[in-house]
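Inspection log for the structure reproduced underneath, given as C-alpha cells.
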Amino acid sequence: MDATDLRALAGRVAAGRGPDPALEAAAAQALAAAWPGAGIAPAGAAGWLVSTDAVLAAVARALPGWDVTIEGTASAPDGHWTCSLRRSRALDSDRCIGIGKDPSLPRALLAALISTAAQGPGD
C-alpha cells in the first residue's frame with residue numbers, strides 16, 4: 001500500500017462506526033506490511049475499531065517508546081478525540097507523526113497509527 005492508499009484507509013477508519021471486520025482486516029494487512037515482523041496483527045486479531053487496549057498494544061509493537069497523546073471529551077455516543085503519535089514530545093522536528101481524529105477513541109488511535117505508516121514507519 002502506498003502513502004495515498006494508507007491516508008485513504010485512515011480516513012475510512014475515522015469515518016466509520018462500530019465493528020467492521022473487513023476494515024479491520026485491511027488495517028491489519030496495511031500495518032503488518034508497514035512494520036513487518038512487529039507482530040502488529042496476530043492471526044485472528046479483531047476488535048481494533050472498538051478496543052482502545054487492542055490499538056494501544058499495536059502502537060506499542062509498531063512504535064516502541066513513542067509518545068502517545070490523547071486529548072478529547074468522553075461523551076457518549078459522540079466523543080471528540082484527537083490522538084497523535086510522535087517519537088518524542090521534546091522534539092518539534094519529528095520525521096513522522098501520526099494524527100487521528102474521531103468520536104471513537106480506538107478509531108482515532110488507529111487512524112493515527114495508519115497515518116504514521118503513510119509518512120514512513122519510524123524506528
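Structure above, values below:
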| quantity | calculated |
| --- | --- |
| When residues of segment 96-122 are limited to those that are farther than 22 Å from P36 by Cα and surrounded by fewer than 20 Cβ atoms within 10 Å (Cβ to Cβ), the one modelled with the lowest pLDDT | P103 |
| Identity of the residue in segment 18-39, open to solvent by less than 30 Å² (accessible area, probe 1.4 Å) and assigned to a helix (DSSP H, G or I), that ends up farthest from T52 (Cα to Cα) | A34 |
| Flag for G65 being on the phi > 0 side of the Ramachandran plot and open to solvent by less than 70 Å² (accessible area, probe 1.4 Å) | no |
| Segment 40-50 - residue that is buried (at least 17 other Cβ atoms within 10 Å of the Cβ) and within 21 Å of L85 (Cα to Cα) and, of those, modelled with the lowest pLDDT | A41 |
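The values are calculated or read from the model by the stated rules, or taken from the named source; none is laboratory data. Given the structure is predicted, the values throughout are model-derived calculations rather than measurements. So basically every Cβ, Gly included, is an ideal-geometry build from the backbone, and we count neighbours across all protein chains shown. Only protein heavy atoms, including side chains, enter the accessible area calculation; ligands, DNA and RNA are left aside. Shrake-Rupley method; radii C 1.70, N 1.55, O 1.52, S 1.80 Å.
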